[in-house]
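Below is one structure, written out as structure tokens, with a few remarks after it.
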Amino acid sequence: MIQYPNMLKVYNTLSRKKESFRPRKDKKVNLFVCGPTVYDFSHLGHARTYVVFDVITKYLREKGYDVFYLQNITDIDDKIINRAKEKNISPKKLASDFKREYLKDMKTLKIDAVSEYARATKYVKEIISQVERLLKKHYAYQIKDGIYYDISKFKRYGRLSKRTALQAEDAVSRIDEAKEKKNKGDFCLWKFSKPEEPKWKSPWGEGRPGWHIEDTAITEKHFGPRYDIHGGAKDLIFPHHEAEIAQMEAISGEKPLVKYWLHSGFLTVRGQKMAKSLGNFITIRDFLKENPARLLRLLIIKTYYRSPVDYNEKLLSQTKKEMERIDEFLDKLNNQKGTALLAIRDPKLIKNLISKTKKEFEKAMQDDFNTPQAVAAIFNLVTEGNYLIAQNKVRPKDARRILKLLKEIDKVFNFIFWKKPKEEFPKAVLGLAEQRERCRKEGDWQKADELRKKIKELGYWVQDAKEGSKIKKI
Ligand SMILES: [Zn+2]
């Protein structure tokens, strides 16, 4: 088969290689991404994961793939039960409150590529059916506090994370502790309920699902035993994703459960893992109090999705400057007037710039969604575009063409065009600015200067430009 140089390549955690992307059926892509456990507000780490998969999905759709993006929401879990106890409310209420807050954050960040959200508690019937089949095939066993998966029975256990079953015991991530377990790394499929805990009826008594089984129950219902892409943050590879493979491949006898495993890198804050105890825990809400949502998208997108991101003041201020550069360029394009006579001498100038940018963008994205290179293509366009504008070589028609290209790119990135919030400036400031504008027109410079000072006292700065004055927060 001919290998087209522009064929989409994706890095598959399973093979530790970049592979050509070929969905199981033509252009149909079934994608599942691990959603949040809804017991608190979502933080910047969540924002990263979900922006990454939002961009990947939107890119695939732009390339003509028919993507069904399924995401679970863990609305029953130890973390939820414990937090609900602390707050003295029911786990159900806590989970439904934070599910709502999560979806609000996603909407603010324009993360809207998900086709369906699946709440774990809506799939208890499917979960029970999976546990039953695992018991029947002797991959699972029952002890006092629940039903467990016997990892020694599944020979491929550890293949995704490159760990052996014996090493599995060093895991710290939500491995269930129980003395009677056959192997230390065995994980819980069904937990028998303690008094006052949420519970569902099952053939083995009342209880609730383990964490890993919810994903395979949800994906089996929607996609069947095999599908195209599973995404999630890197820290879920072990034991969570390993457990998913063990469950579903044991049940179906088919492999692989997932053709391409895509994992996004970590996000640290000022060099450290985010933790409430370290005082560097930043929720999406915290970020949005000070910054616009589009800035968070750019900040995430300008890093390759598999690389680590360290969130710090320097990164934030750099990103702000980059956003300003884009906004200034957009302003110039939107205000491009006149005939730009020189353009007539080289009519292909803009056409070439546009096709070069398109090529650079596509080449970057086809190479395992290399968004930093794709963002670099945008900034090359800004630099060259600014130069041509300064040379009076961009006609209004050309400006519209460039804007059209940026709009196309923004279908995937969603940080370039954003409705400016109207209530950005206090009424008092806007009133003073209006007064000042009148003074300027009448040539009353002294009064205009006084008004500028007054505006400054309120914490805002007026910048004069040909098209009129602009207000900026100091
Ligand atoms: Zn999951």
(request) Would you mind finding the one in Asp97, Asp66, Asp105, Asp77 that is in contact with a strand residue (DSSP E or B) (Cβ under 9 Å, 6 or more places away or on another chain), modelled with pLDDT of 95 or more and under 29 Å from Lys276 (Cβ atoms)? (result) Asp105
(message) I'm trying to understand the selection: among the residues of segment 435-474, which are within 18 Å of Glu324 (Cβ to Cβ) and free of Cβ contacts under 8 Å to residues at least 60 places away in the same chain?
(response) Tyr460, Trp461, Val462, Gln463, Asp464, Ala465, Ser469, Lys470, Ile471, Lys472, Lys473, Ile474
(request) Residues that are within 16 Å of the ligand (Cβ to nearest atom) and among the polar types (S, T, N, Q): find the strands (runs of 3 or more DSSP E) completely inside segment 198-302 holding 1 or more of those. (result) 258-264
(request) Determine, yes or no, whether Tyr50 is out of contact with any helix residue (DSSP H, G or I) (no Cβ under 9 Å at 6 or more places or on another chain) and among the hydroxyl-bearing types (Ser, Thr, Tyr). (result) no
(request) Check Lys85, Lys99, Lys104, Lys93 and return the single one that is surrounded by fewer than 22 Cβ atoms within 10 Å (Cβ to Cβ), in contact (Cβ under 8 Å) with a residue 40 or more places away in the chain and not small (Gly, Ala, Ser). (result) Lys99
(message) Looking at Val29, Val38, Val33, can you tell me which residue is within 15 Å of the ligand (Cβ to nearest atom), in contact (Cβ under 8 Å) with a residue 24 or more places away in the chain, under 30 Å from Asp367 (Cα atoms) and β-branched (Val, Ile, Thr)?
(response) Val33
(request) Only residues that are crowded, with 20+ Cβ neighbours inside 10 Å and either free of Cβ contacts under 8 Å to residues at least 24 places away in the same chain or farther than 30 Å from Lys393 by Cβ (or both): list them for segment 309-333, please. (result) Val309, Tyr311
(message) Condition (residue is part of a helix (DSSP H, G or I), touching a Pro at 6+ places or on another chain (Cβ under 8 Å) and away from the ligand (no atom under 16 Å from the Cβ)) applied to segment 135-143: is it met by at least one residue?
(response) no
(request) Within segment 81-126, count every residue that is among the hydrophobic types (A, V, I, L, M, F, W, C) and farther than 25 Å from Phe287 by Cα. (result) 6
(message) Quick check on my filter: what residues within segment 369-404 are part of a helix (DSSP H, G or I), of a type in the set (Val, Ile, Thr) and modelled with pLDDT under 95?
(response) Ile389
(message) Give all pairs with beta carbons closer than 8 Å in which a residue from segment 12-26 that is of a type in the set (Ser, Thr, Tyr) meets a residue that is at pLDDT 95 or above and assigned to a strand (DSSP E or B); count only pairs at least 6 apart in sequence or on separate chains.
(response) Thr13/Trp261; Thr13/Leu262; Thr13/His263; Ser20/Lys9
(request) Give the residue that is farthest from Pro23 (Cα to Cα), with candidates limited to residues of segment 68-127 that are of a type in the set (Phe, Trp, Tyr) and within 16 Å of the ligand (Cβ to nearest atom). (result) Tyr102
(request) Identify, by number, the condition in (1) of a type in the set (D, E, K, R); (2) in a helix (DSSP H, G or I); (3) touching a residue at least 60 places away in the same chain (Cβ under 8 Å) that Arg306 doesn't meet. (result) (2)
(message) I'd like to check which strands (runs of 3 or more DSSP E) are fully inside segment 1-93 and have at least 2 residues that are within 23 Å of Ile213 (Cβ to Cβ).
(response) 28-33, 66-73
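The values are calculated or read from the model by the stated rules, or taken from the named source; none is laboratory data. Bear in mind that the values here come from a model prediction, so they are computed numbers and not experimental data. Reconstructed Cβ throughout: ideal geometry from the backbone, glycine too, with neighbour counts over all protein chains shown.
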